[in-house]
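Right, one structure below, let's go through it.
The values are calculated or read from the model by the stated rules, or taken from the named source; none is laboratory data. Keep in mind that what you see is a predicted model, and the values were worked out from it rather than measured. Cβ atoms come from the backbone with ideal geometry, glycine included; neighbour counts cover every protein chain shown. Ligands, DNA and RNA are excluded from the accessible area calculation, which covers all protein heavy atoms including side chains. Shrake-Rupley method; radii C 1.70, N 1.55, O 1.52, S 1.80 Å.
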Amino acid sequence: MFETMQSSVSTREPLTCLIVDDSAFMRFHLKRLMDAFENVIAREAANGDDAVVEYQKMKPDIVLMDIVMPGQGGIETVKQICAHDPAARVIMISSLSYKEKVDEALAAGAKCFVAKPVTTEQLRQAIDRVFAVSV
């Protein structure tokens, strides 16, 4: 779906992405992975509070979110985003991949979960799944 969408995206609006992680390195890494796709605009937030504000401003097509962050964590942030936009497409990306955390993230409103470290192909597959379900 994403690959099919990508071919038509070049003539339409770009795919927008919000990357939320407290690690500057991880935000940089995820942004580089997203840069591998064509016609993508990625913005960043370093914590849950900033992510909620940025989401409301940007209304991104997709959100890549860490679970563990200082202050408001990813689970609570997903709940807040989905309370305002039930159609939000949030992909949780975390090194905490044990079943309870995955289930908690999905129950909070995340559409998909990917364990760190993530590759370009894993990210592409996750985005394809999220767009296929929300169509």
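Here the accessible area is traced with a 1.4 Å probe on the protein chains. For the range 45-87, carbon and sulfur cover 53 percent of it. Hey, with R₀ at 25 Å, roughly what FRET efficiency would residue 106 and residue 24 work out to, going by the Cβ-Cβ distance, to 0.05? Approximately 0.40, to the nearest 0.05.
Per-residue Karplus couplings for the range 86-92, computed as 6.51 cos²θ - 1.76 cosθ + 1.60 with θ equal to phi - 60°, are listed in order as x, 8, 4, 9, 10, 10, 7 Hz, Gly and Pro entered as x.
For the chain, what is the accessible area per residue in Å², given a 1.4 Å probe and the full set of protein chains? Let's see the in-between values first.
Working: 6760 Å² over 135 residues.
Each residue of the chain exposes 50 Å² on average to a 1.4 Å probe.
For residue 66, the solvent-accessible surface with a 1.4 Å probe is about 10 Å², rounded to the nearest 10.
For the range 26-135, what is the Kirkwood estimate of the hydrodynamic radius, computed as the reciprocal of the mean inverse distance between distinct Cα atoms, to one decimal in Å?
When all Cα pairs of the range 26-135 are included, the Kirkwood radius is 13.9 Å.
Only protein heavy atoms count here; on that basis, with a 1.4 Å probe, residue 64 has an accessible area of about 0 Å².
In the chain, helical runs assigned H by DSSP with n ≥ 4 each contribute -39500 (n - 2.57); averaged across all residues and rounded to the nearest 500, the mean residue ellipticity at 222 nm is -15000 deg cm²/dmol. Extension gain, residue 95 to residue 58: 0.36 nm times the residue separation minus the Cα-Cα distance gives 10.7 nm.
Rolled with a 1.4 Å probe across the full set of protein chains, the surface gives residue 81 an accessible area near 0 Å².
Compute, for the chain, the length of the dipole vector about the Cα centre, with Cβ point charges of +1 (Lys, Arg) and -1 (Asp, Glu) only. Units Debye, rounded to 20.
160 debye
Could you put 16, 77 in order of accessible surface area, largest first, with the 1.4 Å probe and the full protein assembly present? Working shown, then result.
Details: 16 30, 77 0 Å².
Ranking 16, 77 by accessible area, largest first, yields 16, 77.
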